[in-house]
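These notes concern the structure reproduced below.
The values are calculated or read from the model by the stated rules, or taken from the named source; none is laboratory data. Not measured: the values here are computed from a predicted model. Cβ sites come from the backbone with ideal geometry, for glycine too, and all protein chains shown count toward neighbours.
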Amino acid sequence: MGISPDTLRALAGGALIGLAAAALLLINGRIAGISGIVGGLVPPARGEIAWRLLFVAGLIAGGLLASRLAPEAFETALQRSPAVLVLAGILVGFGTRLGSGCTSGHGICGLGRLSTRSLAATLTFVATGAATASVIGRFFAGAP
């Protein structure tokens with residue numbers, strides 16, 4: 001009984017995320033929180049633009065490359081209207097501002113630094129996400 005390919009991909013992806021977060025912290029002294037990195041582009045501070053743009057470009061390029069190499073990983077039966085997706089994006093953006101960070105900043109980097117604030121934020125993210133998914137599934141049966 002060996003390790004499944006899906007498990008290997010998940011392990012490799014997690015290791016790459018951890019390495020990238022550690023490298024950014026060690027090399028640049030910055031936390032790899034996506035909302036903070038993108039938020040720091042508006043308005044941009046002197047000396048902060050290049051690394052932030054490169055980080056975001058790397059995320060986009062990595063996603064595009066992954067979608068070409070493993071398109072089956074992006075398949076979903078769940079369909080949503082553009083309006084629902086925009087609303088979801090706005091709510092996520094509002095939540096990251098309210099929570100002073102996003103799941104990547106708190107869940108990956110903050111927990112790795114043993115931050116109690118990040119633990120509280122991550123537990124809140126997970127609990128709220130589970131509750132929301134349960135309500136949507138129960139009352140809307142996954143309808144778009």
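Contact list please: Cβ distance under 8 Å, first residue in region 41-63 and within 16 Å of Arg30 (Cβ to Cβ), second residue among the small types (Gly, Ala, Ser), pairs at least six apart or on different chains.
Glu48/Gly40; Arg52/Gly40; Phe55/Ala32
Could you check how many residues of region 104-131 are among the β-branched types (Val, Ile, Thr), buried (at least 19 other Cβ atoms within 10 Å of the Cβ) and either more than 13 Å from Ala21 (Cα to Cα) or assigned by TED's automatic domain parsing to the domain that holds Leu16 (or both)?
Of the residues in region 104-131, 1 are among the β-branched types (Val, Ile, Thr), buried (at least 19 other Cβ atoms within 10 Å of the Cβ) and either more than 13 Å from Ala21 (Cα to Cα) or assigned by TED's automatic domain parsing to the domain that holds Leu16 (or both).
Quickly run through region 69-100 and pick out the residues that are touching a residue at least 24 places away in the same chain (Cβ under 8 Å), in a helix (DSSP H, G or I) and either among the charged types (D, E, K, R) or over 26 Å from Gly13 (Cα atoms) (or both).
Val84, Arg97
Give me the pairs, please: first residue somewhere in region 13-27 and in contact (Cβ under 8 Å) with a residue 24 or more places away in the chain, second residue anywhere and surrounded by fewer than 14 Cβ atoms within 10 Å (Cβ to Cβ), beta-carbon distance under 6 Å, and either six or more positions apart or on two chains.
none
Being exposed (fewer than 11 other Cβ atoms within 10 Å of the Cβ) and either within 16 Å of the chain's Cα centre (by Cα) or modelled with pLDDT under 85 (or both) is the filter here; which residues of region 71-81 pass it? Outline the logic, then answer.
We begin by selecting, within region 71-81, every residue exposed (fewer than 11 other Cβ atoms within 10 Å of the Cβ); these are 71-72, 74-79, 81.
Selection gives Phe74, Glu75, Thr76, Ala77, Leu78, Gln79, Ser81.
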